[in-house]
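The values are calculated or read from the model by the stated rules, or taken from the named source; none is laboratory data. Remember, predicted model here, so these are calculated numbers, not experimental data. The accessibility values were calculated without ligands, DNA or RNA, using every heavy atom of the protein model including side chains. Shrake-Rupley method; radii C 1.70, N 1.55, O 1.52, S 1.80 Å.
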Amino acid sequence: MARNAEKAMTALARFRQAQLEEGKAKERRPFLASECNELPKAEKWRRQITGEISKKVAQIQNAGLGEFRIRDLNDEINKLLREKGHWEYRIKELGGPDYAKIGLKMLDHEGKEVPGNRGYKYFGAAKDLPGVRELFEKDPLPPPRKARAELMRDIDAEYYGYRDDDYGILEFLEQEHEKKVTAEAVEKWKMEREARLARGEEEEEENIYAVHEEESDEEGGKEREGEDSQQKFIAHVPVPTQQEIEEVLVRRKKMELLQKYASETLLAQSEEAKALLGL
């Protein structure tokens, strides 16, 4: 008797619910999240998707459902997870909270990704399916090493800087800088020369025989103090000065010109005159 009364009450409740919903069209979730322009509805559809995911995750824990049913459930869960991400992005666009940062990650953490296959997850009994278990047991393959030929393929003259002056820009800049430095050095030398002449100082001829002593750290390792940086060249035979060498060169040049262009008579007269003068 009690059982019949319970069935009657259940049937009455279903009938009453059907009467209340009569004439109402059940609202369906939009296929695209971008079609929803109201924040409350977007959050409603997100909650609905979250509930569906929770139910399917609970169902897939049963390994007795069979391989094909488990695979279908796993595909449906991944599809709902992607759809949930679209609705969370749409909620953020409509000015709602960013569920990608503050939302619960329990449903995502229950899934496991195969190394090298980012995005698709396996839940519950799907992780123990034939062919899937081996994927989790294998270590991810290391990235292939590039051969030396592949590494040298992109190395050319430009890598070593040999083409830096292909357009002549550096050469032009170097020439301009060289002219500027040369002009400054000449101007400085002229000013110093005029200052010496104004003080009445005679220009000293540079001694080409001066030897500069180079400091060496190989012996002792200490710098010598109090010694002149220049040292006179010491010779054991008389060494002509620069002026004497120039005079000899001038006389030799004169003799060569005389022998080339003067006649024998003129040469004889010249020798005779030198003998008379004692030259």
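Please verify whether LYS105 is at negative phi, open to solvent by 40 Å² or more (accessible area, probe 1.4 Å) and either aromatic (Phe, Trp, Tyr) or at pLDDT below 85 (or both), treating the condition exactly as stated.
Considered against the rule, which asks whether it is at negative phi, open to solvent by 40 Å² or more (accessible area, probe 1.4 Å) and either aromatic (Phe, Trp, Tyr) or at pLDDT below 85 (or both), LYS105 comes out as yes.
If you scan segment 110-143, which residues turn out to be in a helix (DSSP H, G or I) and at pLDDT 80 or above?
Across segment 110-143, the qualifying residues are GLY124, ALA125, ALA126, LYS127, ASP128.
Which residues, counting only those in segment 23-57, are of a type in the set (Gly, Ala, Ser) and either open to solvent by less than 70 Å² (accessible area, probe 1.4 Å) or under 12 Å from ILE91 (Cα atoms) (or both)?
Across segment 23-57, the qualifying residues are ALA33, SER34, ALA42, GLY51, SER54.
Read through the list (1) open to solvent by 100 Å² or more (accessible area, probe 1.4 Å); (2) at pLDDT 75 or above; (3) assigned to a helix (DSSP H, G or I), then give the number of the only condition that LYS146 fails.
For LYS146, the exception is condition (3).
Being more than 36 Å from the chain's Cα centre (by Cα), at pLDDT below 85 and assigned to a helix (DSSP H, G or I), is that true of even one residue in segment 153-172? Talk me through it step by step, then tell me what you get.
Here is the first cut: in segment 153-172, the ones more than 36 Å from the chain's Cα centre (by Cα) are none.
Checked against the condition, which is being more than 36 Å from the chain's Cα centre (by Cα), at pLDDT below 85 and assigned to a helix (DSSP H, G or I), segment 153-172 yields no hits at all.
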